[in-house]
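*Asks:* One structure is given below, represented as structure tokens, and several questions about it will come after.
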Amino acid sequence: MAPSEKMQNLLQKFKAAGNLAQRKSIVLLKNDTIDKKPVLPLKKGIKIYVKNIDAKKAAKFGTVVDKPELADIAILRLQTPSEILPNSGILGRLMRAGDLDFKGKEKEEILALLAKVPTIVDIYLSRPAVIPEISAASKGLFASFGADDDALLDIVFGNFNPQDKLPVEMPSSTDAVRKQKEDVPYDSENPLYKFGFGLSY
């Protein structure tokens, strides 16, 4: 049985509310400059290299190229690093654990891209991440919490103004994380981004 018109309208209302919530939840952490002008929001119609983003969705905003060398800008989506800890059992396989920083080849590849082309980075914070080098090398940096590509691209290209603030602290190093007290919030030494930080256009 096809859903009634009332039900369809209700579903559309819920979907619109969900889409708005995604956009409102994204936090702008860094907006660097090129030629003394803020990088973000990006201009539509530029050449874009994307990684971990749906190229078809990105193509609505510009020309997607297959090599970073051909792009005006790159947009990269990441997730906070995690690993399955030894002897952690079934629960350990379900929960994200381990160090909060990128390591080895994965980190090298990320930084190589950021050195090759001006790059906007979005990191999905399933938990706080330690990303001082990535932050420093990026031209723009976002924190997101499960938002889809459409929501991120709307903000990157200025269809929606970022407005949220960090609900967590972003530590400056793994050592700072290890020195934190377990029962005290946002008490790490010299955090990269403080609790409540967030920029707008």
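The values are calculated or read from the model by the stated rules, or taken from the named source; none is laboratory data. Just so we're clear, the structure is a prediction, and the values are computed from it rather than from any experiment. Every residue, glycine as well, gets a Cβ built from its backbone with ideal geometry; the counts of neighbours run over all protein chains shown. These accessible areas exclude ligands, DNA and RNA; they are computed on the full protein's heavy atoms, side chains included. Shrake-Rupley method; radii C 1.70, N 1.55, O 1.52, S 1.80 Å.
*Asks:* Of everything in segment 155-201 that's touching a residue at least 24 places away in the same chain (Cβ under 8 Å), open to solvent by 50 Å² or more (accessible area, probe 1.4 Å) and in contact with a Phe, Trp or Tyr (Cβ under 8 Å, 6 or more places away or on another chain), which residue is farthest from residue 80 (Cα to Cα)?
*Replies:* Checked segment 155-201; the qualifying residue farthest from residue 80 (Cα to Cα) is 161.
*Asks:* For residues that are touching a strand residue (DSSP E or B) at 6+ places or on another chain (Cβ under 8 Å) and part of a loop (DSSP other than H, G, I, E, B), scanning just segment 156-175, find the one that is farthest from residue 21 (Cα to Cα).
*Replies:* Here the answer is 173.
*Asks:* Exactly one of these conditions fails for residue 26: (1) open to solvent by 80 Å² or more (accessible area, probe 1.4 Å); (2) touching a Ser or Thr at 6+ places or on another chain (Cβ under 6 Å); (3) among the hydrophobic types (A, V, I, L, M, F, W, C). Give me its number.
*Replies:* Single failed check for residue 26: (1).
*Asks:* Write out, first by first residue and then by second, each pair whose Cβ atoms fall under 8 Å of each other, whose residues are 6+ apart or on separate chains, and whose first residue, in segment 25-38, is without any contact (Cβ under 8 Å) to a residue 24 or more places away in the chain while the second is surrounded by 10 or more Cβ atoms within 10 Å (Cβ to Cβ) and among the hydrophobic types (A, V, I, L, M, F, W, C).
*Replies:* What qualifies is 33/39.
*Asks:* Does residue 110 count as in contact with a Phe, Trp or Tyr (Cβ under 9 Å, 6 or more places away or on another chain), under 21 Å from residue 66 (Cα atoms) and either in a helix (DSSP H, G or I) or of a type in the set (Lys, Arg) (or both)?
*Replies:* Judged against the criteria, residue 110 is a match.
*Asks:* Next question. Those residues that are within 14 Å of residue 24 (Cα to Cα) and assigned to a loop (DSSP other than H, G, I, E, B), I need them from segment 176-201; list them, please.
*Replies:* 198, 200, 201
*Asks:* Then there is this: Out of everything in segment 136-154 that is over 11 Å from the mean Cα position of the chain (by Cα) and closer than 21 Å to residue 106 by Cβ, what residue ends up being surrounded by the most Cβ atoms within 10 Å (Cβ to Cβ)?
*Replies:* Top of the filtered list is 138.
*Asks:* Here's something else I'd like to know. Before we move on, is residue 129 surrounded by fewer than 20 Cβ atoms within 10 Å (Cβ to Cβ) and either among the hydrophobic types (A, V, I, L, M, F, W, C) or closer than 18 Å to residue 64 by Cβ (or both)?
*Replies:* In short, no.
*Asks:* Right, something else. Are there any pairs, at least 6 apart or on different chains, whose C-beta atoms fall under 8 Å, with the first in segment 97-113 and among the charged types (D, E, K, R) and the second open to solvent by 50 Å² or more (accessible area, probe 1.4 Å), and if so, which?
*Replies:* 99/83; 101/107; 107/133
Every residue, every condition in (1) assigned to a helix (DSSP H, G or I); (2) closer than 22 Å to residue 161 by Cβ; (3) open to solvent by 80 Å² or more (accessible area, probe 1.4 Å), yes or no:
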{"position": "13", "(1), (2), (3)": "yes, no, yes"}
{"position": "18", "(1), (2), (3)": "yes, yes, no"}
{"position": "43", "(1), (2), (3)": "no, yes, yes"}
{"position": "53", "(1), (2), (3)": "no, yes, no"}
{"position": "61", "(1), (2), (3)": "no, yes, no"}
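*Asks:* Here's another thing I want to ask about it. With the checklist (1) under 18 Å from the mean Cα position of the chain (by Cα); (2) modelled with pLDDT of 95 or more; (3) not in a strand (DSSP E or B) in hand, flag the one item residue 126 doesn't pass.
*Replies:* Unmet condition: (2).
*Asks:* Is at least one residue of segment 57-73 of a type in the set (A, V, I, L, M, F, W, C), more than 21 Å from residue 28 (Cα to Cα) and at pLDDT below 95?
*Replies:* No: segment 57-73 contains no residue that is of a type in the set (A, V, I, L, M, F, W, C), more than 21 Å from residue 28 (Cα to Cα) and at pLDDT below 95.
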